[in-house]
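Just below is one structure, and these are the notes that go with it.
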Amino acid sequence: MKVVIIMGSKADLDWSKKIVEALKELGIPSILRIASAHKVPLRCLEIIKEYEKEGAVFITVAGRSNALSGLIDAQTVWPVIACPPYSEKFSGLDILSSLRMPSGVSPMVVLEPENAALAAAKIIALVDPEVRKKVEEFQEKMRQKLGEDDASLPK
């Protein structure tokens with residue numbers, strides 16, 4: 001199973017690269033694609049059909065008005081994680097387009113790219129023992145770091 005990252009435009013590439021890097025650390029292959037739900041919805045559907053045959057977790061990256069996550073989620077039975085790049089513009093309120101979905105449309109929303117990669121890894125870990133082991137190792141490394149940080153403080 002692979003992760004397919006669909007961006008609304010090339011402006012989302014830097015954000016998506018952070019997801020790709022985090023997935024690499026977990027040993028998970030990913031594919032980057034661009035297709036706007038507003039401008040080329042039929043292309044979005046073609047991309048879904050291309051990858052869902054072999055099983056995929058879709059991560060959608062679309063800023064501003066995020067129709068991409070809802071469109072992708074409504075057209076596939078595979079998991080969809082929305083990871084919209086947020087900004088200080090509009091006081092961050094553009095994130096609401098990722099949170100409010102129509103009934104029957106349920107992409108998960110994860111705001112940090114690294115956490116979106118981890119969420120995808122946990123989904124894949126349900127069926128892939130190697131990925132499960134990497135997730136467990138990652139979580140243990142995080143716990144170790146907290147212990148080291150705590151030990152470094154003056155007592």
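Rule-based calculations on the coordinates, nothing more; no lab input. Computed from a prediction, not measured in an experiment: that's the story for all the values here. No Cβ is skipped: glycine too gets one built from the backbone with ideal geometry, and neighbour counts run over all protein chains shown.
In the chain, the DSSP-assigned H stretches of four residues or longer account for a calculated mean residue ellipticity at 222 nm of -14500 deg cm²/dmol, using -39500 (n - 2.57) per stretch and the full residue count as denominator. Each Lys and Arg adds +1 at its Cβ and each Asp and Glu adds -1 at its Cβ; summed about the Cα centre, region 2-151 shows a dipole of about 520 debye.
Across every pair of different alpha-carbon atoms, what Kirkwood hydrodynamic radius in Å does region 2-151 reach? Radius from the Kirkwood sum: 15.8 Å.
Of the trypsin sites (Lys or Arg not before Pro) found in region 1-49, those that fall in a DSSP loop while having at most 14 other beta-carbon atoms within 10 Å are Lys39. Across the chain, the relative contact order, built from alpha-carbon pairs under 8 Å that are at least six residues apart, equals 24 percent.
Placing +1 on the Cβ of every Lys and Arg and -1 on the Cβ of every Asp and Glu, with no other charges, gives region 80-155 a dipole of roughly 160 debye about its Cα centre. The GluC sites (Glu not before Pro) of region 27-79 meeting both criteria, a DSSP state outside H, G, I, E and B (loop) and at most 10 other C-beta atoms within 10 angstrom of the site's C-beta, are Glu54. Within straight-line reach of Lys145, meaning a Cα separation under 19 Å, sit the following aspartates and glutamates at least 8 residues removed in sequence or on another chain: Glu25, Glu114, Glu136, Glu137.
Full extension of the chain between Glu137 and Lys53 yields a length gain of 27.2 nm, computed as 0.36 nm times the residue separation minus the alpha carbon distance. The amide H of Thr60, built 1.01 Å from its N in the peptide plane, has Ile6, Ile81, Ala82, Cys83 as neighbours under 5 Å, considering only residues 5 or more places off or on other chains.
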